[in-house]
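The values are calculated or read from the model by the stated rules, or taken from the named source; none is laboratory data. None of the values given here were measured: they were computed from a predicted structure. Here the Cβ positions follow ideal geometry from the backbone for every residue, glycine too, while neighbour counts run over all protein chains shown.
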Amino acid sequence: MDSATASTTPTTSRAPEATPDADVGEAVAAVGGEANAPAGKRHTGSLARRMMLIAAGWIAILLLGGGFALDRTLTDLVEKNFDNQLNYMLTAMIASTEIDNTGEVYFNRPLGDQRFMEPGSGLYWQISGKGHETYPSRSLWDRTLKVNTGSTDTRTQIYDSNQFEGEPLRIAERPVYLPGSKTKWWFAVASSRGDLDAQIARIRSILAWSFAVLGLGLFMMVMLQTWYGLGPLRRVRLAIQHMRTTGTNRVTDPLPLEVQPLVDELNALLEHSEKQAEEARTHAGNLAHALKTPLTVINNAATAQAPDLAATVIREAGTMRRHVDHHLARARAVGRRAIGHARTQVYDSAMAVQRAVERLYPEVRFDLAGSRDARVAIERQDLDELLGNLVENAAKYGGGSVFVTVDADPLDMDCCTIWVEDDGAGIPPAERTRIFDRGVRLDTDKPGTGLGLAIVRDVAKIYGGTVELAESEDLGGLLVKLALPRG
């Protein structure tokens, strides 16, 4: 059986095969991190630094926000307690105040806090009314509290005041009409803010130190967590380094669930690289073996100065060219497979092959049927070469009819099956395995190289497909079942 013509199998340049060393080197650079990246290699920064910066930012935001909220809460509580004490004193003043016979106010009992009796003690009270003398505490001495007598609000007002130089005050005041008097009396209690400000400053100092220690502790915990959390990646890097230096070919150390998929993919990559390297060695060995015999024949003929030397060289050179074409087809398929996952419409490829073969065999009747939407995971050039070999063989060795069915088994979700049938003599079951060997031909009356089915088998195998031979029930000749992975 013969291969397809050059028109149905365009020649493409051979794609470079990935080597194990290159794949492993890239994996080491990816896992090793910024510090272990080879010189000149681009990277996106350190994972550890990125994690710590994010954690430090969030810790700072949360601590600042929490500290501000806690500071406002505690400050408000201290100020509220301070104001409650002033309000309590103001209420006690009003409850102890009466009007004498002259219309002036007096206390029917002294106030309990001794600081009201000490000049400049920081705690003061004062009662004032329009048209009456101001009634101050002894602690005021020669000073007077300035109250807001123009206000119409009868509720207690508490506010800060700087009317005493060097002594900020917190004042609580309230207007009251006493029984037996038509005067609006203003009761005021004032206290120095020194104690209040000292308490607030102490609270803020404690908060600042506490949150600083907490933030430092949290950041140290983040550093420890980052170091411990990224430990498996360091183990992967060391395992790859150990693998490279000792000659082992797998990472077998147990790792966490989040890292194990990375290791599985790395092991799969290494296995794929080993498989490609083995295919390359086998390919080179097969080519060398195939070329050895023709070269020996040519060398012997030249040494013996045979009269048919020219014919021998031409014949053996043709044999070597066919072998080279066969191995180049396999090499192109391997290279294109390594590039990525291709998607090819089977029906379009079959129509293109049919048009090309019809020009070579115009007397043959071609029929094409099946799914127009079926796609396979194979490059278009390689699919053209597979179908070209099969269709041309069917046209050459058949009886004049070729029937191609695309997606003959649509229920198979994994593979797309392509049938190529002819009405020729077929192939006996005993020969259906041997016919795939290189150079084997059952019909020697017609020209050919015996490499067509071998190329089909090898290229299909490279893409994970299969090819089988059977007897056609409809045409009575050979039935070729080509199964390729769906796209």
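Structure above, values below:
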quantity	calculated
Residue within the stretch 357-364 that is surrounded by fewer than 21 Cβ atoms within 10 Å (Cβ to Cβ), among the hydrophobic types (A, V, I, L, M, F, W, C), in contact with a Ser or Thr (Cβ under 9 Å, 6 or more places away or on another chain) and not in a loop (DSSP other than H, G, I, E, B) present	yes
Restricting the stretch 370-401 to residues that are without any contact (Cβ under 8 Å) to a residue 60 or more places away in the chain and in a loop (DSSP other than H, G, I, E, B), the residue that is nearest to Leu478 (Cα to Cα)	Gly400
Residues located in the stretch 455-485, provided they are in contact with a Lys or Arg (Cβ under 7 Å, 6 or more places away or on another chain) and farther than 19 Å from Ala395 by Cα	Asp458, Val459, Ile462, Tyr463
Segments classed as strands (runs of 3 or more DSSP E), wholly inside the stretch 57-129, with at least 2 members that are modelled with pLDDT of 90 or more and closer than 19 Å to Gly194 by Cβ	123-129
Selected residue [surrounded by fewer than 13 Cβ atoms within 10 Å (Cβ to Cβ) and among the small types (Gly, Ala, Ser)] from Ala95, Ala60	Ala95
Criterion (small (Gly, Ala, Ser), in contact with an Asp or Glu (Cβ under 8 Å, 6 or more places away or on another chain) and within 26 Å of Thr102 (Cα to Cα)) met by exactly one of Ser139, Ser128	Ser139
Residue check for Met243: without any contact (Cβ under 8 Å) to a residue 40 or more places away in the chain and either surrounded by 12 or more Cβ atoms within 10 Å (Cβ to Cβ) or out of contact with any Cys (no Cβ under 9 Å at 6 or more places or on another chain) (or both)	no
Candidate set from the stretch 431-461 (those that are among the aliphatic types (A, V, I, L, M) and modelled with pLDDT of 80 or more); member that is farthest from Gly477 (Cα to Cα)	Val459
Single residue of Val404, Val376, Val391, Val353 found to be modelled with pLDDT of 90 or more, among the aliphatic types (A, V, I, L, M) and in contact with a Lys or Arg (Cβ under 8 Å, 6 or more places away or on another chain)	Val376
The lone exception for Ser181 - which of (1) closer than 30 Å to Thr149 by Cβ; (2) part of a helix (DSSP H, G or I); (3) polar (S, T, N, Q) it fails	(2)
Residues satisfying the stated conditions in the stretch 128-167, i.e. over 14 Å from Phe187 (Cα atoms) and of a type in the set (A, V, I, L, M, F, W, C)	Leu140, Trp141, Phe164
Sole exception among (1) over 16 Å from Leu479 (Cβ atoms); (2) part of a loop (DSSP other than H, G, I, E, B); (3) free of Cβ contacts under 8 Å to residues at least 24 places away in the same chain for Pro410, by number	(3)
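Residue by residue, here is whether (1) in contact (Cβ under 8 Å) with a residue 60 or more places away in the chain; (2) surrounded by fewer than 13 Cβ atoms within 10 Å (Cβ to Cβ); (3) within 29 Å of Ala69 (Cβ to Cβ) holds:
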| site | (1), (2), (3) |
| --- | --- |
| Ile158 | yes, no, yes |
| Arg174 | yes, no, no |
| Phe187 | yes, no, no |
| Ala190 | yes, no, no |
| Ser205 | no, yes, yes |
| Ala208 | yes, yes, yes |
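Quick grid of which residues meet (1) more than 18 Å from Leu86 (Cα to Cα); (2) part of a strand (DSSP E or B):
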residue	(1), (2)
Arg143	yes, no
Ile171	no, yes
Asp197	no, no
Ser210	yes, no
